[in-house]
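Down below is the structure, laid out as structure tokens.
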Amino acid sequence: MFFVISGFLITSLLLREHDRSGTISFVGFYLRRAKRIMPAALLVIVATLGGAYALFSSTRFNAAVWDGVWAIFFGANWRLATLGTDYFQAGGPVSPLQHYWSLAVEEQFYFIWPWLMLLIFWALSRRRFTTAKDTRRVIGIVIVVLTVVSFAWSVWETHSNPSWAYFSTFSRAWELGVGAIVAVYASSVAILRPVIRHILGWTGLAGIIAAIFLMSDTVAFPGPSAALPVVAAALLILAGTGQERSPLWLLTNPVASYLGDISYSLYLWHFPVAILLLSIYPRGSAEYYVVGTLAILIASILSFHLVENPARKFERPKRAKYKTPSSPNGKASLIWLAVLAVITAGTVTAALVPRDVPASNGALAPKSTSGTVSAAVTKDKCWGAASLDSQADCVRDLGTAVLPDPKAVADDTGNSYACFPQKGERMKTCTYGGGTTHVALVGDSHAASLLPGLTEQAQAQGWKLDTYVGVGCIWATASCAAMPDIQAKLVEKHYDIVITSAYRGSGDTNKKAQAAAFADEWQPVAKAGSKIVVVKDFPIGAGPAVECVQRINFNAASNDCNIDLATAFKVEDAAAMAAATVPNSVVVDSKKYFCPADVCPGVIGNVLVYRDDISHITARYSKTLGPYLAKDIKQAAANLTAQ
């Protein structure tokens, strides 16, 4: 909708200017855009970074600073597209400046569209007997062609690379194009009877409301799913074109009109407030909604009346007045520029100063160069998974501190990625332990997050553990570029035990088909004599729990940061399904280590369980889980032999 409205308004403005003056003033156009967009946008960026400095870890604050830099230069969409396809950035906390991606797409469109229109005007002006009607017809045809091409590209890219397509200007241009088409052909619609306008308007409004309920995170977006809200917005604009008053009283009453006036400020402020407040209030709480709504409204109203509107109406004083030292406008401008420069410089400087020194929490950590949990410490404290063990010889009162530091939880990966090929890279492998039982671990990043615990247990279990993990490398047919080499090694080396695990949310949504793909790859290895042990995947949907433990008022004693069971296991585990169809395979159910009751806590035994939205477990929790999981795996493999 945002793009449709923008495409309509800017194209209408350019057409009117050309009709009036016979050309397009680029200086005037871009000056108006700068006055309209930049002052409020810069204010929100600086204010957001100030809030991020106070509430976020230094790592997350530094990322927000770079988000702000990209936003200033209208490149936020390409930064987010890159991060969305970068595995080690995916699943991290949401940036409070993420919404600037749409402003970036809009401004990139504005960098090109006026020049293209002027080129068309110029080309047509060189032909004799070309009327204004002919010119508008040609422009309309060009816009329609470009819009269709962009839509086709959007559909293809959404299917082939959805993370990139969502933020790509090329995949979004058709939405602005639809608005431009409405602007070109609006005069033809202006003669429609009022009853038809009413039908168009209410149909468009109904389509927008329907899109709100039909769009979800399971729907591929933007192509072709975005067609519904885009077409609905176009119908709504058409309904009000060519007449003084729109037939939709819902959108023309004084309250709606005022909200429309401050809509740009509302757009700028809503997302930073929503994200920053999650560091103070739980998502979904009454306090979060009440405080958030008031903060957004107050900030938007003040921003509109004190910054956005004055800047938009500001006219540069004439040269004589500008040079006058007593000019209040000149002095005020210099003062505001100086204040903005100082704040920006201070914010960027602060980004370079390390602030997180988790000494207090670090003091609770076991002191060992290898990172293992020493016997003395486990005798004193029931850290992590040990707290679930009723037979563990340890003290149950753990106090209120947690490990790792919540602000540094995203970096608590241990050796999970020591040998972890990125997308498209060839196989990498590491070996741990030197026992006589040859063991392999195969899988994606969820399998890799078991490594901090399993590698510490390799020697004690008598294992020689080889790793075959990588981005998307679930042990299924053609899952990743490294899989053919991994499969060859598994068949060639005749491992005693092959451990595998896979993120239940990855791959084919048809879990029966995905289970068949697992089975196809496992059969040759199982027939060669290897015992296949499937570690059932962890709970999914950990984002709110991770967000919860990072609140500044989080208290480990209350331990209210959970994933409900319905969310945690709403997606079937295809790897576990495959084990039932492949001989010499068995499943180890990990649920008891993550969901001891009717919820799945984000903190177990004062250890943070998850480190990101995609439910990767922390290295700390993996290490406490290691002794129990290794024992279960060994016992499951032994039971296969007994059969």
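The values are calculated or read from the model by the stated rules, or taken from the named source; none is laboratory data. All figures in this text were calculated on a predicted structure; none of them were measured in a lab. Glycine gets a Cβ as well: all are built from the backbone with ideal geometry, and neighbour counts include every protein chain shown. Remember, those area values only see protein heavy atoms, side chains included, never the ligands or the DNA or RNA. Shrake-Rupley method; radii C 1.70, N 1.55, O 1.52, S 1.80 Å.
Candidates 122, 78: the one that is open to solvent by 50 Å² or more (accessible area, probe 1.4 Å), part of a helix (DSSP H, G or I) and closer than 27 Å to residue 417 by Cβ is 78.
Residues in region 40-61 that are over 17 Å from residue 270 (Cα atoms) and not hydrophobic (A, V, I, L, M, F, W, C) were compared, and the one that is most open to solvent (accessible area, probe 1.4 Å) is 53. Against the criterion of being at pLDDT 90 or above and over 35 Å from the mean Cα position of the chain (by Cα), residue 438 qualifies. Scanning region 209-235 for residues that are at pLDDT 90 or above, β-branched (Val, Ile, Thr) and over 20 Å from residue 173 (Cβ atoms) yields a total of 1.
Of everything listed in (1) under 16 Å from residue 268 (Cα atoms); (2) open to solvent by less than 40 Å² (accessible area, probe 1.4 Å); (3) touching a residue at least 40 places away in the same chain (Cβ under 8 Å), the single unmet condition for residue 64 is (3). Could you list, in sequence order, the residues of region 569-611 that are within 28 Å of the chain's Cα centre (by Cα) and assigned to a strand (DSSP E or B)? Within region 569-611, 599, 600, 601, 603, 604, 607, 608, 610 meet the criteria. Pairing residues of region 180-207 that are within 29 Å of residue 116 (Cβ to Cβ) and open to solvent by less than 70 Å² (accessible area, probe 1.4 Å) with residues that are at pLDDT below 75 and not in a helix (DSSP H, G or I), at Cβ distances under 7 Å and at least 6 apart in sequence or on separate chains, gives 186/242; 189/242; 190/242.
For region 404-422, a residue qualifies if it is of a type in the set (A, V, I, L, M) and in contact with a strand residue (DSSP E or B) (Cβ under 9 Å, 6 or more places away or on another chain), and the qualifying residues are 409, 418.
For residues in region 586-604 being of a type outside the set (D, E, K, R) and at pLDDT below 90, which is surrounded by the most Cβ atoms within 10 Å (Cβ to Cβ)? The selected residue is 599. Within region 134-153, residues that are at pLDDT 90 or above have Cβ atoms under 6 Å from residues that are assigned to a helix (DSSP H, G or I) and of a type in the set (Phe, Trp, Tyr) in these pairs: 147/174; 150/174; 151/174; 153/170, counting only partners at least 6 apart in sequence or on another chain. Among strands (runs of 3 or more DSSP E) entirely within region 405-513, having at least 2 residues that are aromatic (Phe, Trp, Tyr) singles out 463-469. Of the residues screened, residue 583 is one that is at pLDDT 90 or above and not polar (S, T, N, Q). Residues that are assigned to a loop (DSSP other than H, G, I, E, B), in contact (Cβ under 8 Å) with a residue 60 or more places away in the chain and within 23 Å of the chain's Cα centre (by Cα) within region 528-568 comprise 537, 538, 539, 540, 541, 542, 550, 551, 552, listed in sequence order. Residue pairs whose Cβ atoms lie under 7 Å apart, separated by 6 or more positions or on different chains, with the first residue in region 113-127 and without any contact (Cβ under 8 Å) to a residue 60 or more places away in the chain and the second open to solvent by less than 80 Å² (accessible area, probe 1.4 Å) and among the polar types (S, T, N, Q), are 124/130; 124/135.
Checking each residue in region 447-485 for being aliphatic (A, V, I, L, M), buried (at least 24 other Cβ atoms within 10 Å of the Cβ) and closer than 13 Å to residue 521 by Cα picks out 474, 476.
Considering each residue of region 159-168 in turn, at least one proves to be open to solvent by less than 20 Å² (accessible area, probe 1.4 Å) and under 27 Å from the mean Cα position of the chain (by Cα).
Output the number of residues of region 610-643 satisfying the condition of being among the β-branched types (Val, Ile, Thr), under 21 Å from residue 586 (Cβ atoms) and open to solvent by 10 Å² or more (accessible area, probe 1.4 Å). The number of residues fulfilling the criteria is 1.
If you filter region 498-547 down to residues that are closer than 30 Å to residue 560 by Cα and of a type in the set (Gly, Ala, Ser), you find that the one that is surrounded by the fewest Cβ atoms within 10 Å (Cβ to Cβ) is 505. Residues of region 1-38 that are crowded, with 20+ Cβ neighbours inside 10 Å, of a type outside the set (S, T, N, Q) and within 29 Å of the chain's Cα centre (by Cα): 3, 4, 7, 8, 37.
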